[in-house]
Amino acid sequence: MSAAGGRYYVEQEVTKLFRIRKTILEMLRDRGYVVLDTSADLEMTREEFGTRLAQANYSRESLTLLKQHQHDPSDQIYVFFPAEERVSVKTLRDYFVRMDQERVYKAILVVIKSLSPFAKQGIQKVASQFRVEVFLEMELLVNITHHELVPKHEVLSTEGKKQLLKRYHLKESQLPRILITDPVARYFGLQKGQVVKITRPSETAGRYVTYRLVV
């Protein structure tokens, strides 16, 4: 690869990682984690990001994030950017040791390629202790909740869910469903049993509200 070609490849990678990082930060903010509206987080420009990444020798590990929930400081989440194309079991083990030492029990892995069967098994083995979500890079290049065809989603609290069922005299099983694998459900990190409020525009009523149970 020529010098010019090499520079072009690096610039493309920087732009890609900048977009992914921004989507991740928006995702964490929408889940209730503390994300700053400053150059440290959401207001960082592409140029600032490129400079910082270059100073870190373009290390993906330098993109690691640790955020805490705005309502519960003990609720923390790591975001890891493994450098390997195929994440090894050793890398996962290193992450789990780090999380255990720091008492952080949630993590998001941003991976270049899908996990191997062995890596998936490794995550399943620690599922009782750690909640680990895996996103491919390509899934994070665009924030899907910003698309005009995706309606507004709001996750109900436990109390909000109880009030909803009581108000309409419903059983949980009577609610329409949304799969836990749905892209929007994954974006919000929804878990089975949670309820999400979906608001769509309506030409007649102004807006149309539905509720879905995560299954």
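A few notes on this one:
- Scanning segment 177-198 for residues that are within 16 Å of the chain's Cα centre (by Cα), outside any loop (DSSP other than H, G, I, E, B) and in contact (Cβ under 8 Å) with a residue 40 or more places away in the chain yields a count of 4.
- Segment 38-59, residues that are charged (D, E, K, R) and touching a helix residue (DSSP H, G or I) at 6+ places or on another chain (Cβ under 9 Å): ASP41, ARG46, ARG52
- Residues in segment 97-129 that are touching an Asp or Glu at 6+ places or on another chain (Cβ under 8 Å) and not polar (S, T, N, Q): LYS106, ALA107, ILE108, LEU109, VAL110, VAL111, ILE112, LYS113.
- Taken over segment 31-90, the criterion of being of a type in the set (Lys, Arg) and touching a Phe, Trp or Tyr at 6+ places or on another chain (Cβ under 7 Å) is satisfied by ARG31, ARG46, ARG60, LYS67.
- For segment 147-176, a residue qualifies if it is of a type in the set (Gly, Ala, Ser) and either on the phi > 0 side of the Ramachandran plot or under 21 Å from the mean Cα position of the chain (by Cα) (or both), and exactly one does: SER157.
- Pairs where the first residue, in segment 46-70, is at positive phi and the second is at pLDDT below 95 and basic (Lys, Arg), C-beta under 6 Å, 6+ apart: none
- Considering each residue of segment 140-153 in turn, none proves to be buried (at least 18 other Cβ atoms within 10 Å of the Cβ), of a type in the set (A, V, I, L, M, F, W, C) and not in a helix (DSSP H, G or I).
The values are calculated or read from the model by the stated rules, or taken from the named source; none is laboratory data. Being a predicted model, the structure only gives us computed values, none of them experimental. Note that we place each Cβ from the backbone using ideal geometry, even for glycine, and neighbour counts take in every protein chain shown.
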